[in-house]
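Notes follow the structure.
The numbers here are math on the coordinates, done by the rules we state, and not lab data. Model, not experiment: these values are computed from the prediction. Cβ atoms come from the backbone with ideal geometry, glycine included; neighbour counts cover every protein chain shown.
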Amino acid sequence: MSRILKTGLLAALVFGLVWLAVIIWWQESHTLPTGVDIGLYLFALPLALLAAGWAGARVVRARREARAAPAPAAAADETQAPPPPALVRLTALAGTARAAPGADPAAIHAALSRQQRPELDPSLKNAKGFPVFSGRAAHLDIDALREAASAAAGPAGRPGDDCLRAAELLCEVVETLSQEARAQVLDNGTPQRDEDWPRLQLELLLPADWPQAARAHAADRARDAAVWPAGRLEARTHEAQDALAGDALLRRLAQESPEPARAALRLVAAADSYIDAAVVQAWDTAGRLVDTANPQGRVPGEAAAGLLLDLAPVAPDAAPPRELPADAFTLTLSPSARRATEADARGAAAEPALAELAARFLERQEQSADAIAALVSDADHRGSRPLETAGLAGTLFPRLDPNQDCLSVGAACGHTGAAAHLLTLAVAGEACAQTDAPVLAVMTQDPALRTLALVSRPIRPLA
């Protein structure tokens, strides 16, 4: 009974202090809070603090018990424990992104640091006729995109607005990264013939629920947007079946056996959009759209993001080549961990699995938690996701500023579907470049599985 009383008093104290601080802040800054702000700051924030304390206590208790427990004697015929799964490491020569907050990772990172949030959409409305919040990329001209698509395929064959918008964002990303690849080739001399150019392969990740014609339209447009000799350009499309499709694609590319016939330069790009009246109507009907009656619903967003990867084989202990670009970074992908309760389940809260995964991952990398300069997650406001990232920060990274160093991409960009994973990595790469220190990317969009990516500067050889 006394334990329950102590827990209740502690929870009341945390809620009271947070409410007092937030209300004073709103009054001093003359802020008129929205429904999302009230739910986030008056309920999610104190719950996150309580969850962080609980998760931290669990991690500390588990470590103490592990140290105190005697090591069991190994039987003579006992087989050795299987080795931990091999870590996946990739070299990204460049990264870029397009989303509602900005037209490049630097602009998106700045918007996240300002705690920017989706605004009411100028045209999308719910079934009651009220405007909805959205992460719309304002620079896209949907009328021009419709006209061009109708001219190419006819009005009957034109993809939906969401597919057209995502394809346009994808083209912008492919054009930017292909220009980066082109600049690196030209730095080593201008090829005299098209055959002298290295091969560049586009790896395009597109939503699995798109019609095949829409994926073909996006792939054709991406090929046309690439600034590369057509004879040296290849393209493959991949269907994003779930939230970790981007992670799975990167792992497959890293594990491909090196062959002379395969392109070493890979432009991996993903795009998705939910800025479409038909999508909003479907979400509203299914109860998946955010509103005052459904604060756990999704905010429609759109984005495209990509990485330029160098898959040229190198010796395991070899340093990256001297000519790596200034903004290059290394990606190290963690194993995955599974939550006991899915993040979208009723009453879902933070669990210690994410903090334990991060602690093991950093220890295996011989990376101190104090050296991590920022946390960049794909989390939005739904379910336990904001609590998980806040709990991870409070447990392992208490020195990080929760506003400036712990950034949630989904909270600013809305639901970006197939693009969310690469979008998070691109923003993490920007944070790594700005701080010149390692950054941890946290993937929480899957209901149950959690993965991490350590984004760090490549080790450069001494001059």
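What whole number of Å gives the distance from the Cα centroid of segment 257-301 to the Cα centroid of segment 116-157?
After rounding, the separation between the Cα centres reads 14 Å.
Can you tell me the length gained on complete extension of the stretch L17 to R262, counting 0.36 nm per residue apart and subtracting the Cα distance? Please report the intermediate quantities before stating the final value.
Details: separation 245, 0.36 × 245 = 88.20 nm, distance 5.89 nm.
Fully extending the segment from L17 to R262 adds 82.3 nm.
Between D209 and L87, what is 0.36 nm times their sequence separation minus the Cα-Cα distance? Round to one decimal in nm.
Contour length minus the Cα-Cα distance gives 40.8 nm.
Taking the Cβ of each residue in I275, I24, I142 as the centre, tally the other Cβ atoms inside 10 Å and list the residues starting with the fewest. List each step's numbers first, then the result.
Details: I275 24, I24 10, I142 14.
Ascending number of Cβ neighbours within 10 Å: I24, I142, I275.
To one decimal place, what Kirkwood hydrodynamic radius in Å is obtained for segment 330-456 from all pairs of distinct Cα atoms?
Over segment 330-456, the inverse of the mean reciprocal pair distance is 14.2 Å.
Within segment 330-456, what percent of beta bridges assigned by DSSP are antiparallel, to the nearest 5?
Details: 11 of 18 bridges.
About 60 percent, rounded to the nearest 5.
Using 0.36 nm per residue of separation minus the Cα-Cα distance, give me the extension gain between A235 and D220 in nm, one decimal. Present the calculation step by step, with values, prior to reporting the outcome.
Values: separation 15, 0.36 × 15 = 5.40 nm, distance 0.91 nm.
Between A235 and D220, full extension yields an extra 4.5 nm.
For the chain, give the share of DSSP beta bridges that are antiparallel, in percent and rounded to the nearest 5; count only bridges with both residues there.
If I count the DSSP bridges inside the chain, around 60 percent turn out antiparallel.
Hey, can you list the DSSP H helices of the chain whose Cα span along the axis is 24 Å or longer and whose average Kyte-Doolittle score is at least -0.5? Provide the component values of the computation, followed by the final result.
On the way: long enough: 2-29 (40 Å, 1.28); 45-68 (34 Å, 0.36); 161-187 (39 Å, 0.07).
Once both thresholds are applied, what remains is 2-29, 45-68, 161-187.
Just rank D247, D436, D209, fewest to most, by other beta-carbon atoms within 10 angstrom. Each step should come with its number before you reach the end.
Details: D247 23, D436 8, D209 11.
So the residues, fewest neighbours to most, are D436, D209, D247.
Between Q296 and Q404, what is the spin-label point distance in nm, taking each point 7 Å from the Cα along the Cα→C-beta axis?
If labels sit at Q296 and Q404, their model points lie 3.5 nm apart.
List L205, L309, L87 from most exposed to least, where exposure is judged by having the fewest other Cβ atoms within 10 Å. Let's see the in-between values first.
Details: L205 27, L309 24, L87 14.
By the 10 Å Cβ count, ascending: L87, L309, L205.
Give the calculated FRET efficiency between S123 and E366 to the nearest 0.05, with a Förster radius of 60 Å applied to their Cβ-Cβ distance. Kindly include the intermediate steps, with their values, before the conclusion.
Details: r = 52 Å, r/R0 = 0.86.
About 0.70, to the nearest 0.05.
Across the Cα atoms of the chain, what radius of gyration and what greatest pairwise Cα-Cα distance (Dmax) are found, in Å?
23.4, 82
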